[in-house]
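S.K.: Mind looking over this structure? Questions follow.
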Number of protein chains: 4
Amino acid sequence: MSEIGVGIVGGGYMGKAHAVAHASVGALFNTRLRPRLEMVAASSRASAERYRAAFGFRRAAPDWETLVADPHVEAVVIASPQDTHRAIVEAAAALGKPVFCEKPLGASLEDAIAITEAAERAGIVNMVGFNYIRTPASQYARRLIAEGEIGEVTWFRGEHTEDFYADPAMLASWRTSGMANGTMGDLAPHMINAALALIGPIGAVMAEVETVHTDRNGTPVTNDDQAQMMCRFTGGAMGHLYFSRIATGRKMGYIYEITGTRGAIRFNQEDQNSLWLYRAEGPEAERGFRQILTGPAHPDYLPFCQGPGHGTGYQDQITIEARDFLEAIADGASRWPSFRDGLAVSHVTAAALKSHATRQWQDVAQLKGDPK
Amino acid sequence: MSEIGVGIVGGGYMGKAHAVAHASVGALFNTRLRPRLEMVAASSRASAERYRAAFGFRRAAPDWETLVADPHVEAVVIASPQDTHRAIVEAAAALGKPVFCEKPLGASLEDAIAITEAAERAGIVNMVGFNYIRTPASQYARRLIAEGEIGEVTWFRGEHTEDFYADPAMLASWRTSGMANGTMGDLAPHMINAALALIGPIGAVMAEVETVHTDRNGTPVTNDDQAQMMCRFTGGAMGHLYFSRIATGRKMGYIYEITGTRGAIRFNQEDQNSLWLYRAEGPEAERGFRQILTGPAHPDYLPFCQGPGHGTGYQDQITIEARDFLEAIADGASRWPSFRDGLAVSHVTAAALKSHATRQWQDVAQLKGDPK
Amino acid sequence: MSEIGVGIVGGGYMGKAHAVAHASVGALFNTRLRPRLEMVAASSRASAERYRAAFGFRRAAPDWETLVADPHVEAVVIASPQDTHRAIVEAAAALGKPVFCEKPLGASLEDAIAITEAAERAGIVNMVGFNYIRTPASQYARRLIAEGEIGEVTWFRGEHTEDFYADPAMLASWRTSGMANGTMGDLAPHMINAALALIGPIGAVMAEVETVHTDRNGTPVTNDDQAQMMCRFTGGAMGHLYFSRIATGRKMGYIYEITGTRGAIRFNQEDQNSLWLYRAEGPEAERGFRQILTGPAHPDYLPFCQGPGHGTGYQDQITIEARDFLEAIADGASRWPSFRDGLAVSHVTAAALKSHATRQWQDVAQLKGDPK
Amino acid sequence: MSEIGVGIVGGGYMGKAHAVAHASVGALFNTRLRPRLEMVAASSRASAERYRAAFGFRRAAPDWETLVADPHVEAVVIASPQDTHRAIVEAAAALGKPVFCEKPLGASLEDAIAITEAAERAGIVNMVGFNYIRTPASQYARRLIAEGEIGEVTWFRGEHTEDFYADPAMLASWRTSGMANGTMGDLAPHMINAALALIGPIGAVMAEVETVHTDRNGTPVTNDDQAQMMCRFTGGAMGHLYFSRIATGRKMGYIYEITGTRGAIRFNQEDQNSLWLYRAEGPEAERGFRQILTGPAHPDYLPFCQGPGHGTGYQDQITIEARDFLEAIADGASRWPSFRDGLAVSHVTAAALKSHATRQWQDVAQLKGDPK
Ligand SMILES: NC(=O)C1=CN([C@@H]2O[C@H](COP(=O)(O)OP(=O)(O)OC[C@H]3O[C@@H](n4cnc5c(N)ncnc54)[C@H](O)[C@@H]3O)[C@@H](O)[C@H]2O)C=CC1
Ligand SMILES: NC(=O)C1=CN([C@@H]2O[C@H](COP(=O)(O)OP(=O)(O)OC[C@H]3O[C@@H](n4cnc5c(N)ncnc54)[C@H](O)[C@@H]3O)[C@@H](O)[C@H]2O)C=CC1
Ligand SMILES: NC(=O)C1=CN([C@@H]2O[C@H](COP(=O)(O)OP(=O)(O)OC[C@H]3O[C@@H](n4cnc5c(N)ncnc54)[C@H](O)[C@@H]3O)[C@@H](O)[C@H]2O)C=CC1
Ligand SMILES: NC(=O)C1=CN([C@@H]2O[C@H](COP(=O)(O)OP(=O)(O)OC[C@H]3O[C@@H](n4cnc5c(N)ncnc54)[C@H](O)[C@@H]3O)[C@@H](O)[C@H]2O)C=CC1
């Protein structure tokens, strides 16, 4: 067991979450590498200093460049806005340092490609931050499907819906401009990643992307409020995805419903400790969706609690990510979801935007320029 | 209060339901017209006789022609297969008799047009059998939306999903051939009707229609197992509809979720006595979807029970239809949903099939040949 | 198949429900005996006439005595207040006519004993109206437990809670005086009956009975608002029952939760079409309560609908009672729940009241004067 | 912001939970005092060393005496079995060190009294570990009730039910002997504490305590599997509590249902991020229990996540306790729940055991020897 100096870029929503994760991950998972909160960077030296004091870092950096370059920073966590991701990854890659980058990989498909290539060229351990799929319930769902427990998948419905911009009277902000901050940029990646992880690659999409409230108090809104896409998985399943930041009443609607020939699965992040499983087995009179409460029998639950049904929460997802990142560094090999997995998500996003623009089905492989 | 002789064509699933409805509707709703179960017809004289005895009709007809023509049959209820609907309606219309016809209106768009025109030309009272929307919960949802209680609708998601053909080992049958018997023909109309009733006309659709199990024990399946469509309501809302007869685990998945700018509504027919309403009102800390149990305060509940939460069921929906049919006859004027409303549903279905064939968005008005 | 003339005493809440049930039961269940709505009686000739017209009876009676005595009334249904039950039963028994009596059996334990003895002495077919236990879900629960599917029962929790008197500002009425109209008299019998039917006899109880709002607008309230009792079943299980008419928010809280050594069952009448079953079987990671939607595989569902999850409602419970009453008459032998079963409920109620008065555990058998 | 050396006695289920809590509490809550994991003690030097390495303590103690006495240990957390609590508290009190002690306070009422008196005499900051009540949902419920939002409370139902000993085939263990390890000792305190916190003091109880499986593989079981009690709060409300370790299917059944004259609350720890609130307000047709998802608007949520509905988990409850313990130390004054609050729980437990033994209602104040 040895220490590793961790530097985090950003101390906001996710910067804090990663700081907390690295503070407790060792005790929780008995990891081989034990993180030391070495340095934090932010948009100003003053805010970095505030984060340092609040979260318990040893030092505050004047800027992310200093943090990345610091010899005591042995691994970098990026929790700053999408448009900063690329430069930070490239700098860390140049120095051969492992990087964890929050979703999505940069502010555009180009960024995502550059980020992935930089990391792979440099051979650094890399990981992207799709945390919701880390719950014991979703990890278990993924395993059930992979092992064929619900048979051949025929239908996938996913959504990521919240209502933080539902009120038409809410003012414009940085969130209402820039595609990377719209619903497709901000919320969609989580559920697209879930679709890919649970079911497999998406072959083609047919999408609609919409700005419902095009003007907020006189300021034009330049990114999307909601979007939907029909999709066809390469494995054959039909699918549908929906994303919204104006879904009145939905707080954390990361929801999926999966139909297979021998069973079905339902999940709603608003009750993240339950997985609903139906098996087309046994007497008809006893069939039904059963509410499985996660517990020590499910992946990554036991370290948090010995009692089933006692529940894990949002922060625990981030801690599971930290565990995987540290173990990947200890192994010297990236784990899922690597930047390449994040890039696959960006490709689907890009295909959806193109489909919307052309009002046509868009082949994802074709967009990627894959040889047929 | 006077009696009316009712003739029912068909004594199967729905024929029985309508017979029961007409047996009790008078006592339940104190209707002006009191039905007398005058005559039943079926595919054979023998089966009609069996139905007569079981359900308590006065007479069995050798065939539907006899029933329609019988002078003591003053109103006709059609509960026979889709391909019989048109001829029966035309015969009844020719005699000026009121007709209630089970959904969908015939076996094709052509049938639906012919049926509607025959009825309207003859000026007969006519009604189509969309029963699910008749629950107190859905009636109340419709009212809430119409009165603007959830604001401007921005999103509608509907599905009608069941699993009666989910098992790939199930044998082919009459249900697995003929578009009118597939998912688009059989299940979709109910939810399309709900979408139109709750939100308003659909302007355009982009659909996928799929036969997942193309062969059942050596017999080819010639109609669809599942279908989805993105849609755009003329009022502006984005929407999505999904239909399936292979939705493992779903028994009666007539489900809708509606987002408005000031509230939201959720409903699942599997718990038909609950309506979930969210209002974007009051302190943030107290907002949430509330589970409203239907009761005497909701439409058409009180006649069934004085106690709230005591619940209505499937059969009660059919009885509510019977009430409206009888009241329409007493008034001499059709009530919603008339054949024209049923035809609107058939137009959406047809647009979806065309969209699927062309892989393009299909304008519904254009398909109807409406002047732009 | 032959007709039987039915006379109903009362045309209020339950009188109507039974009239509707008898109007449709034949068509629904293809019963051997087909009821003819012969006569209705009420508290006045005028109201009886109103009920006759509304519900479709052939004749209105000036009083219940006339109804019971009428030669065309071949079976009597009692749906009038508790204090009328005894005299009506005794009159019908004297004439050898089958009687269905709404719960509870009269206004006191003395009434219940007299009613039961009168019926048994006369050898008439008799039945008491515990309708909630008639849902397909509760019938199935009963079967599962009887067949040992959840193992040995160790715990039973039941409640019957509504909120029709929850508002302290509600005025006093006939409901707020007379023990037979209080919570113990009015609501408790349903759930006590459920406890007896699902688990078996209750050996002893320890109860508290309370009038929370002792005064309503200056008028004293002389019966109970809520009551609870701990109980011990003779089969060994521990139990608890709670009843309330002031349970703010509860509309139809007929709820039970049953723990066995190998499984568990939960039911809530507010969602009467779901039964929740847990089996302590299979891998730990897949265990959970499953929501079984009732369907054709469950008792008495199919006659109402061929589709699972389509749902039955309150009125259907009454129709199932009517079916059993008619079949019992056809057989010439009472079916469960007979008056004796209703009396068993009254004995538990009486034991609870005595326990409350003495603040001691009360043995039920001892109260009945059973030889030990 | 200054550091404080924390020593934890025990490194099992709760010892680990507290270690993790102290590792992250500073970053999460920006506490004035920042804990340093100074020392851990366990039942052997070897296990203490194992915990040290796993959880990241600086030092392992050979025994708890050493830990308590160590000058760098400035606050003590007790997470060892109930029969060790008293001696540890007394030792820490003698040295004037703040103590957090897991529930229940020792192995008996005598222990609880001694523990409380030792702490109060010494004037040390003290706190007892009732974590479940710390969820944002339950904190908010408590506030709603205290502010009169649901009116006068008329009924409280609580349970703490799990199924870890439900299988009759499970072997005897240390858990199946010693009252402190039975259901009343182990599970009841959490829900009794909730009852006291949410509603207020309990005046009298009438209880039943039962060992259902009296023998496990030949070894007698000497403590209780389940228990129930009726109770009367001094504020007037009627109540019922139930506890079980054999509640097949229940994983974390910390459940309460509270009825007030103007509203009602329901909570189930198995879905700890939802609070169900009913308000007897607004049009009848729109009333219903609403599912409030916890979020930044609720107590102690925001530090864990900026997004509502994203959820907190078991471990977060322990971290909230750590925050309060540290803040209490910083203030130099105990916060709720202090040892005296833990003692109040023990008094109810003792009253229940006495009631069971005497089969009589037991006054709690009388048992405490309080002057009337
Ligand atoms: N996985 C998840 O659940 C979530 C992921 N995210 C992702 O996390 C990332 C950060 O988002 P939030 O934490 O919500 O943002 P935030 O606005 O709360 O925090 C951003 C942080 O980045 C810092 N920052 C900004 N520009 C910087 C620069 N040039 N150099 C150094 N630091 C800079 C700011 O000082 C601030 O501390 C984004 O990529 C976002 O998409 C955000 C929220 C949830
Ligand atoms: N609203 C709803 O919930 C439902 C509506 N339906 C609709 O009801 C209609 C009937 O369907 P089901 O009752 O399920 O069918 P079914 O197969 O159970 O019964 C069909 C009945 O029609 C009779 N029939 C067939 N050919 C006939 C002919 N040439 N002349 C006279 N009678 C004839 C048969 O004897 C039989 O009694 C269809 O249009 C169907 O789409 C069906 C099920 C549910
Ligand atoms: N099973 C269930 O779910 C329910 C059962 N009940 C039971 O049904 C019975 C009737 O209750 P409700 O229908 O609620 O009462 P209600 O007040 O709605 O109707 C009572 C009826 O009895 C008639 N009546 C009163 N005195 C009479 C007399 N001396 N002779 C003839 N008719 C007389 C009245 O005219 C009225 O039609 C009671 O025993 C009650 O406990 C009531 C409600 C629900
Ligand atoms: N708040 C909650 O949710 C829970 C509270 N508890 C409480 O926490 C306490 C500990 O229980 P668990 O962690 O479940 O037990 P555990 O058996 O998992 O761990 C007990 C720990 O105490 C240590 N220990 C035992 N005897 C000792 C001694 N004489 N000196 C020093 N260390 C000693 C053991 O080495 C072990 O590390 C108990 O009071 C229990 O009631 C337990 C579980 C849940």
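FYI, it's all coordinate maths here, none of it is from the lab. What you are looking at is a predicted structure, and each value in this text was computed from that prediction instead of being measured. Please note: Cβ atoms are built from the backbone with ideal geometry, for glycine as well, and neighbour counts cover all protein chains shown.
S.K.: Among C:ARG59, B:ARG157, A:ARG45, which comes first, then next, by fewest other beta-carbon atoms within 10 Å?
M.R.: Working: C:ARG59 19, B:ARG157 22, A:ARG45 14.
Starting with the residue having the fewest Cβ neighbours, the order is A:ARG45, C:ARG59, B:ARG157.
S.K.: 7 Å from Cα along Cα→Cβ at both B:SER43 and D:GLU65: what's the point-to-point distance in nm?
M.R.: So the label points at B:SER43 and D:GLU65 sit 9.1 nm apart.
S.K.: Based on alpha-carbon atoms only, what is the radius of gyration of region D:2-130 relative to the globular estimate 2.2 N^0.38 Å?
M.R.: Values: Rg = 13.5 Å, N = 129, 2.2 N^0.38 = 13.9 Å.
In units of the 2.2 N^0.38 Å rule of thumb, it is 0.97.
S.K.: Turning to a different aspect of this structure: Would you mind listing the distances between the C:GLU152 label point and the same position in each other copy? Use 7 Å along Cα-to-C-beta, nm, one decimal, shortest first.
M.R.: Copy-to-copy label distances at C:GLU152, shortest first: 4.5, 4.9, 6.7 nm.
S.K.: Please tell me the relative contact order of region C:2-127 in percent, rounded to the nearest whole number, where contacts are Cα pairs under 8 Å and at least six residues apart. Can you show the working numbers first?
M.R.: Details: 253 pairs, mean separation 29.3, N = 126.
This gives 23 percent for region C:2-127.
S.K.: Please find, among residues of chain D, the one with the beta carbon closest to the rotation axis relating it to chain B, distance in whole Å.
M.R.: Residue plus distance in Å, as requested: D:ARG290, 2.
S.K.: Let me ask you something else. Say a label goes 7 Å from Cα toward Cβ at A:PRO201 in every copy; what distances in nm does this one have to the rest, shortest first?
M.R.: 4.4, 7.2, 7.2
S.K.: When the Debye formula is applied to the Cα atoms of region D:191-318, each taken as the same point scatterer, what base-10 log of I(q)/I(0) results at q = 0.09, 0.12, 0.17 Å⁻¹?
M.R.: Taking Cα atoms of region D:191-318 as identical point scatterers yields -0.38, -0.65, -1.09.
S.K.: May I ask for the distance between the Cα centers of region D:230-298 and region B:241-265, given as a whole number of Å?
M.R.: Centre-to-centre distance over Cα atoms comes out at 28 Å.
S.K.: Please report, in Å, the Rg and the Dmax of region B:142-206, where both are computed over Cα atoms only.
M.R.: 16.0, 48
S.K.: State the antiparallel share, in %, of DSSP beta bridges confined to the protein assembly as shown, rounding to the nearest 5.
M.R.: Numbers: 166 of 278 bridges.
Of all bridge pairs located within the protein assembly as shown, approximately 60 percent are antiparallel.
S.K.: What nm distance separates the two modelled labels at A:THR219 and A:ALA297, each placed 7 Å from Cα along Cα→Cβ?
M.R.: Roughly 5.1 nm, to one decimal.
S.K.: Please state, to two decimals, what the Cα-based radius of gyration of the protein assembly as shown comes to when divided by 2.2 N^0.38 Å (N = residues). Kindly include the intermediate steps, with their values, before the conclusion.
M.R.: Working: Rg = 34.0 Å, N = 1488, 2.2 N^0.38 = 35.3 Å.
Compared with the compact-globule rule of thumb, the protein assembly as shown sits at 0.96.
S.K.: Further question on the same structure: Over 20 Å between Cα atoms, which of B:LYS16/C:LYS16; A:LYS16/A:LYS103; C:LYS16/C:LYS103 qualify? All intermediate terms of the calculation are to be shown ahead of the outcome.
M.R.: Details: B:LYS16/C:LYS16 22 Å; A:LYS16/A:LYS103 15 Å; C:LYS16/C:LYS103 15 Å.
Correct reply: B:LYS16/C:LYS16.
S.K.: Another one. Given labels modelled 7 Å from the Cα in the Cβ direction, how far is it in nm from D:ARG50 to D:GLU120?
M.R.: Reported label-point gap for D:ARG50 and D:GLU120 is 4.0 nm.
S.K.: Now a separate question. Give the distance, in whole Å, between the Cα centre of region C:312-362 and the Cα centre of region C:71-128.
M.R.: 13 Å
S.K.: Quick one: what does P(r) look like for chain A with 10 Å bins over all Cα pairs, in whole %?
M.R.: Here the calculated profile for chain A is 5, 23, 32, 27, 11, 2, 0.
S.K.: Taking only DSSP H segments of four or more residues, each worth -39500 (n - 2.57), what value at 222 nm results for chain D once the sum is divided by all its residues, to the nearest 500 deg cm²/dmol? Walk me through the intermediate numbers first.
M.R.: On the way: 11 runs with 130 residues, N = 372.
Value at 222 nm, helices only, nearest 500: -11000 deg cm²/dmol.
S.K.: Take peptide C:154-165, look around each residue's Cβ out to 10 angstrom, count Cβ atoms belonging to other protein chains, and average those counts.
M.R.: Details: counts 11, 11, 0, 6, 0, 3, 0, 4, 4, 7, 3, 0.
Across C:154-165, the average partner-chain Cβ count within 10 Å equals 4.
S.K.: Can you give me the relative contact order of chain A as a percent, contacts being Cα pairs under 8 Å and 6 or more apart?
M.R.: Relative contact order for chain A comes out at 19 percent.
S.K.: Still on this structure, please answer the following. Over region C:259-329, one equal point on each Cα, no solvent: what is log10 I(q)/I(0) by the Debye formula at q = 0.13 Å⁻¹?
M.R.: -0.50
S.K.: Which FRET efficiency value, to the nearest 0.05, is calculated for B:ALA87 and B:ARG175 with the Förster distance at 25 angstrom and r the Cβ-Cβ distance?
M.R.: On the way: r = 22 Å, r/R0 = 0.87.
So, using R0 = 25 Å, E works out to roughly 0.70.
S.K.: When each copy gets a label point 7 Å from Cα toward the beta-carbon at C:ASP63, what are the spacings between them in nm, shortest first?
M.R.: Spelled out, the distances from C:ASP63's label point are 6.1, 9.1, 10.3 nm.
S.K.: Based on DSSP loop calls and a cut-off of at most 15 other Cβ atoms within 10 Å, the longest stretch of chain D free of exposed GluC sites (Glu not before Pro) is what?
M.R.: Numbers: sites that count: D:GLU147, D:GLU152, D:GLU281.
That gives D:1-146 as the longest site-free run.
S.K.: Can you list the residues, at least 5 places off or on another chain, whose amide H is less than 5 Å from the amide H of B:GLY203, using H built in the peptide plane?
M.R.: B:ARG232, B:PHE233, B:THR234
S.K.: If the viscosity is 1.567 mPa s and the temperature 4 °C, what Stokes-Einstein diffusion coefficient in µm²/s follows for region D:76-223 when Rh is the Kirkwood radius over Cα pairs? Don't jump to the answer; show the numbers that get you there.
M.R.: Numbers: Rh = 17.4 Å.
Stokes-Einstein gives a translational diffusion coefficient of 74 µm²/s.
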